[in-house]
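To keep things clear, I will list the structure first and then write my remarks on it.
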Amino acid sequence: MKFLSTMHSHCTYCDGKNTPAEMAEAAYKLGFVSFGFSSHSHLPYKAGYEMKMEKEKLYREEIQALKEQYNGKMEILLGLELDADSLYPDFKYDFLISSVHQLHTCDNWYAIDDCKEKFDKCIDAFGGIENLLKEFYSATVTAALRDNIDIVGHIDLVGKFNENNDYFNPNDEWYLKLVFTAIDTILEKRPDIVFEVNTGAISRGYRTTPYPDLPILKYLGEKVAKIMLNSDTHATDTLDFAYDIALEHCKKAGIKKLYRLRTKGFEEIEI
């Protein structure tokens with residue numbers, strides 16, 4: 001099967017390379033059923049990838065115009081990717097993704113997925129990798145349990161630079177307990193929330209496998225959590241990047257169905 005949808009995408013309103021119109025046109029040409037815009041929301045500090053506050057109204061207006069342009073041809077949805085530090089929007093978006101891209105000490109913030117050098121600084125700031133991981137999953141839970149969050153973004157983004165186990169062993173019992181406890185806490189309060197399988201780090205050359213790692217995805221399957229496939233695309237040439245790899249990843253984990261967001265809500269797809 002081909003999974004022709006993504007709700008995780010970035011355009012020139014944040015750190016994407018292409019305009020919304022270019023992204024929509026490319027998705028339509030690929031035959032996408034639904035395409036969601038999820039620009040990084042503005043932040044109370046400068047991170048370099050966020051949408052500026054004064055641009056948000058223009059963003060909504062442009063995506064709304066694209067909805068009308070593609071009406072009857074492809075479903076377009078208007079969303080935001082909220083960081084842990086993002087102010088909650090006062091506008092009702094079609095969907096919201098919750099993600100953790102940086103962590104804070106009392107006097108500074110540290111990007112966890114920018115580059116290895118900054119990740120190393122983050123580890124030092126928190127006094128070691130175990131402390132950093134504990135802080136990351138605590139922030140992930142808090143961020144995901146905000147009102148009206150629909151999708152948990154790349155739940156193990158903290159492993160972006162760890163595919164060769166350079167920082168920790170993702171199969172260690174202590175680490176998996178940390179992740180599984182976070183998942184349990186989220187699902188206990190939000191059983192309908194959707195977790196994504198995300199191919200963005202593959203398209204940008206950081207990983208050869210999607211988020212989340214296989215043991216985490218297997219656990220999500222055992223918990224009967226809802227799973228969707230997202231490309232986290234930042235350009236027109238990566239709209240469905242490595243979806244074949246992601247589908248095999250899901251099958252290895254025992255996932256038998258995925259969810260795809262449409263204008264009327266999530267639909268279930270057998271794989």
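Values quoted throughout were computed directly from the atomic coordinates according to the rules given, and no laboratory measurement underlies them. As the structure is a prediction and not an experimental result, all values here were calculated from the model. No Cβ is skipped: glycine too gets one built from the backbone with ideal geometry, and neighbour counts run over all protein chains shown.
See the values below:
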| read-out | value |
| --- | --- |
| Placed amide H near Leu77: partners under 5 Å, 5+ positions off or other chain | Phe35, Gly36, Phe37 |
| Nonlocal amide H pairs with Met228, under 5 Å, H built at 1.01 Å | Phe195, Glu196, Val197, Tyr259 |
| For the chain, calculated [θ]222 nm from helices alone, where every DSSP H run of n ≥ 4 adds -39500 (n - 2.57) | -10500 deg cm²/dmol |
| Filtered trypsin sites (Lys or Arg not before Pro), the stretch 1-99: DSSP coil and at most 13 other beta carbons within 10 Å | Lys2, Lys46, Lys52, Lys73, Lys92 |
| Whole-angstrom gap from the stretch 228-271 to the stretch 1-79, using each part's C-alpha centre | 17 Å |
| Charge dipole (the chain, unit charges on Cβ, about Cα centre) - positive-most of Leu261, Gly48, Cys115 | Leu261 |
| Cα Rg over Rh - the stretch 160-244, Kirkwood | 0.99 |
| Check: the chain dipole with +1 on Lys, Arg Cβ and -1 on Asp, Glu Cβ, in debye | 640 debye |
| For the stretch 175-192, 3J(HN,Hα) per residue [Karplus equation, 6.51 cos²θ - 1.76 cosθ + 1.60, θ = phi - 60°, Hz, x = Gly/Pro] | 6, 4, 4, 4, 5, 5, 5, 4, 4, 4, 5, 5, 5, 4, 9, 9, x, 9 |
| Volume per residue that the Cα convex hull of the stretch 5-270 spans, once the total is divided by residue count, Å³ | 120 Å³ |
| Per-residue HN-Hα couplings for the stretch 38-55 [Karplus 6.51, -1.76, 1.60; θ = phi - 60°; Hz; x = Gly/Pro] | 9, 4, 4, 6, 5, 10, x, 8, 8, 10, x, 10, 7, 7, 6, 4, 6, 8 |
| Proximal lysines to Lys189, defined as alpha-carbon separation beneath 29 angstrom and excluding residues fewer than eight positions away on the same chain | Lys92, Lys134, Lys160, Lys177, Lys218, Lys223, Lys226, Lys251, Lys252, Lys256, Lys257, Lys264 |
| log10 of Debye I(q)/I(0), alpha-carbon scatterers only, for the stretch 1-102 at 0.17 Å⁻¹ | -0.73 |
| Antiparallel DSSP beta bridges within the stretch 1-137, as percent of all bridges there, nearest 5 | 20 percent |
| Derived scalar couplings ³J(HN,Hα) [the stretch 210-216; Karplus, 6.51 cos²θ - 1.76 cosθ + 1.60; whole Hz; x for Gly, Pro] | x, 7, x, 4, 3, x, 6 |
| The chain: antiparallel DSSP beta bridges as a percent of all, rounded to 5 | 30 percent |
| Whole-number D in µm² s⁻¹ for the stretch 116-271, Kirkwood Cα-pair radius fed into Stokes-Einstein, 25 °C, 0.890 mPa s | 152 µm²/s |
| Quotient of C-alpha Rg and 2.2 N^0.38 Å, computed over the stretch 54-155 | 1.32 |
